Every structure is written in structure tokens, then in C-alpha cells.
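Quick notes on the structure that follows.
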């Protein structure tokens, strides 16, 4: 692997991926000087009902379309290729073995980090990577500090504005016939339309 700066891991269901994901990644790259950020769609997320999660291949294709114009944002099929429940601990171990000389940041929203104590091997995860945390509705920085303490040695708070886009809301809008081009981007919106997804 090439020498360089720190890297970011951006995991998630991406069901569907949207402009908010892209903007957050770009903002984190700029603010924290990351060399590249890997988008890592899960195969089966451990805390979500499988029947509500779109086929992994469709989600992978949409992530590729979302980020294809930016060479610093890179698609990874690591979790999808495992074809089993996706645990962050396994993904982190893989990337640490691939980039042993780089510092790795895990990009995450306040909503997901608030529940990190429910993750498999979460105590080990907190020792392996640092976290760049984005603001999300209903889960504040104060709530996280109250629950876990300051944790300033592993947490970096992203200075990004709250992005009012959620994949769950987009699925409802699409089912109701909306194209959601502004939230999805032209290519992802067209892909969803052509493949009749979320109908």
C-alpha cells in the first residue's frame, strides 16, 4: 500500500446511499486531512430487520454511482463479500491489516455511536480506531458525553451542519412516487427508477 495520510472508514447499510453521505465524507476528508475514505456497504447489518434491507448488489452499485467522480472516495466490497452479518470489528481488523502504518478513523453519526455499547466487541473497537462523529437529529454531543464520558482520546467531533436527509425517509418518498433527485443525485435516482427499487 502507498505511503500517505490517515484514512477513513465509512460503513453503513446505504439503503439507499444519498448526497448526505457524500457531503459528510467530503467534509471529514477536508477537516481531518484524510487521504482517502472507504465506503463499505454492509451485507447484513446486525441491528436491522433483513427483510427491510435491499439486496446488497443493488446497494453496492448505488454507492459506486454516488462516489464515482471522486477518486478519494473508494468503494469497498469487504463486508458484502463476506456474505454474512457484518460486524465492524471484523472490518476494522481487515483494514488495519491492509494499512498497518496508517491511522484509521471510523466515520459515524451520533445516533449510531450512542448505541456503540451494543456492538460486538465494542470495547476492543474503541481501542483500535478513532471516531469522527457527525451530528444527527435527536442524538446530541451532550447525550454521548453523559453516557460515555469525554473520551477525547478517541473521539473527534466533525464541525458539519446537520444534514436533514435519511435513507428511511427517502424509501418512503420513493414508494410514494417521488424521484428525490436532489437528495440522491441524478445517477442514483435514475438507477432506482430503472430497477424499480423501493416500490
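The values are calculated or read from the model by the stated rules, or taken from the named source; none is laboratory data. Small disclaimer: the values here were computed from a predicted structure and weren't measured. FYI the Cβ positions are ideal-geometry reconstructions off the backbone, even for glycines, and counts take in every protein chain you see.
Just a few scattered comments:
- Those residues of the range 79-118 which are touching a strand residue (DSSP E or B) at 6+ places or on another chain (Cβ under 9 Å) and within 24 Å of residue 195 (Cβ to Cβ), in sequence order: 79, 80, 83, 86
- Elements of type helices (runs of 4 or more DSSP H) contained in the range 105-192, each with 1 or more residues being loosely packed, with under 13 Cβ neighbours inside 10 Å: 122-128, 141-148, 167-175, 181-184
- Top-ranked residue of the range 14-43 - restricted to ones that are closer than 16 Å to residue 168 by Cα and surrounded by fewer than 21 Cβ atoms within 10 Å (Cβ to Cβ), ranked as nearest to the chain's Cα centre (by Cα): 20
- Any chance residue 5 is under 19 Å from residue 98 (Cβ atoms) and surrounded by fewer than 18 Cβ atoms within 10 Å (Cβ to Cβ): yes
- Taking the range 12-65 as the range and being closer than 14 Å to residue 197 by Cβ and in a helix (DSSP H, G or I) as the test, the residues that pass are 52, 56, 57, 58, 59, 60, 61, 62, 63, 65.
- Cross-chain or 6+ apart pairs with Cβ under 9 Å, the range 128-154 first and over 29 Å from residue 102 (Cβ atoms), then loosely packed, with under 12 Cβ neighbours inside 10 Å and at pLDDT 95 or above: 147/117
- Check on residue 89, without any contact (Cβ under 8 Å) to a residue 40 or more places away in the chain, at negative phi, surrounded by fewer than 18 Cβ atoms within 10 Å (Cβ to Cβ) and not in a strand (DSSP E or B): yes
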